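A.B. asks: First, the structure itself, so that you have it in front of you.
Nothing in this text is a laboratory measurement; each read-out follows from the coordinates by a stated rule. Only a predicted model underlies this, so the values are computations on that prediction, with no experimental measurement involved. Glycine gets a Cβ as well: all are built from the backbone with ideal geometry, and neighbour counts include every protein chain shown.
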Amino acid sequence: MTGQSATGAHDDSGVAPEDWWVFRGPSELPPPPPWRRFPAGRGSTDPGDADPGNAGGPSGAVRPASGRPLDAPYLLERNEISVVNAALHLHRPLLVTGRPGAGKSSLARAVAEELGLGDVLRWSVNSRSTLQDALYRYDAVGRLRETSLRREREGRNGSARRPRARRAAAASDIGQYLRLGPLGSALAADRPRVLLVDELDKADIDLPNDLLVVLEEGEFEIPELARLPEHQQDVQVLLSGSRERVTVHRGVVRCTHFPIVIMTSNGERDFPPAFMRRCVRLDLPEPTGDRLRKIIEHNLGHQALAAAEDLIEIFHQRSKTQTLATDQLLAAVHLRLSGADLTKEELLAAVLHRLDDPMAP
């Protein structure tokens with residue numbers, strides 16, 4: 001190691017190379033980059049929602065009605081804001097496409113904060129995801145175990161409860177073993193909620209159409225509750241990510257306030273025409289040089305621009321043939337400002353590597 005950064009930026013900022021070496025023995029951890037600082041007391045919003053790819057501040061930043069700026073204002077052009085408003089007026093899902101790191105996921109958080117709708121309900125989709133994962137989960141094994149333990153305790157205590165009474169008591173507690181998923185919670189809530197369906201293009205081929213049916217009908221059935229006897233029509237179940245409960249009548253969850261559904265896609269697959277017909281589509285464009293500078297200035301300060309120009313140019317050139325994410329550029333600039341003891345080549349190899357083929361040079 002040479003003890004000198006790629007540009008010598010640490011000499012100007014007063015950061016000695018020794019201060020950068022954290023992994024060498026007992027040492028305090030450095031402060032995180034701005035986009036990796038998680039607010040205390042946050043609810044169910046996922047850390048990934050703080051995506052820096054579309055943060056940054058000129059006109060077009062989404063702001064609450066109160067005029068108080070968001071912690072990380074979301075940068076949108078006027079035509080993009082119009083598309084979001086179209087989805088809100090139509091009460092249709094918004095399908096957001098764009099390159100990785102373009103800020104697709106963070107749009108859901110910006111909308112929730114702008115409209116004062118609380119934490120984002122997030123469903124991260126993968127190839128194994130099923131619709132039921134998003135609707136509800138039933139812990140049948142836990143309920144069976146608890147029922148067996150209850151019977152053992154009653155036997156030791158000499159309880160003479162009749163079988164019918166025991167079955168009624170067991171059926172009445174079924175709600176303790178049911179929890180609605182993010183989609184189920186969004187439909188069951190007594191107020192509009194924001195639901196983020198993240199990376200839908202990773203799903204099984206049938207999942208988009210299965211999802212479409214529930215969103216079109218605005219309801220779904222929980223068979224475990226629908227089979228209960230007539231005198232147990234109302235069951236209290238937990239919502240996703242909270243201790244709040246809602247009442248499910250006769251096993252059917254019905255939507256009274258259609259949620260704001262924001263679905264993201266990296267463009268890795270095509271969706272069925274019937275699905276696309278019912279969505280409002282927003283394509284986030286490739287970031288221009290000016291947009292990247294605004295993002296860097298917002299996250300790292302105006303002084304960061306001087307150290308970022310050559311990295312912005314490299315990012316643009318590589319983006320023509322490679323898949324890169326905006327937060328990779330931010331990470332490279334942050335490391336340079338921190339006095340990273342890396343040559344430019346080492347810095348680029350560490351954080352500005354291509355995403356479509358990680359093993360390629």
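A.B. asks: Using every Cα-Cα pair within region 170-305, state what percent have a distance larger than 24 Å.
C.D. replies: Result: 49 percent of Cα pairs exceed 24 Å.
A.B. asks: Over all directions, the average projected area of the alpha-carbon convex hull for region 227-361 comes to how many nm²? List each step's numbers first, then the result.
C.D. replies: Numbers: hull surface 58.2 nm².
Projected area, direction-averaged: 14.6 nm².
A.B. asks: Check R122: other-chain or 5+ apart residues with amide H under 5 Å from its amide H, H built from backbone geometry?
C.D. replies: Answer set, sorted by chain and number: L196.
A.B. asks: Based on the mean of other beta carbon atoms within 10 Å per residue, what is the order of 223-234, 176-187, most packed first? Please report the intermediate quantities before stating the final value.
C.D. replies: Working: 223-234: 12.8, 176-187: 23.0.
Packing order, densest peptide first, comes out as 176-187, 223-234.
A.B. asks: Using amide H atoms built in the peptide plane, which far-off residues or other-chain residues are under 5 Å from L342 H to H?
C.D. replies: Correct list: A6.
A.B. asks: I'd like the Karplus ³J(HN,Hα) series for region 228-238: coefficients 6.51, -1.76, 1.60, θ = phi - 60°, whole numbers in Hz, and an x wherever there's a Gly or Pro.
C.D. replies: 5, x, 4, 6, 10, 6, 9, 10, 8, 10, 7
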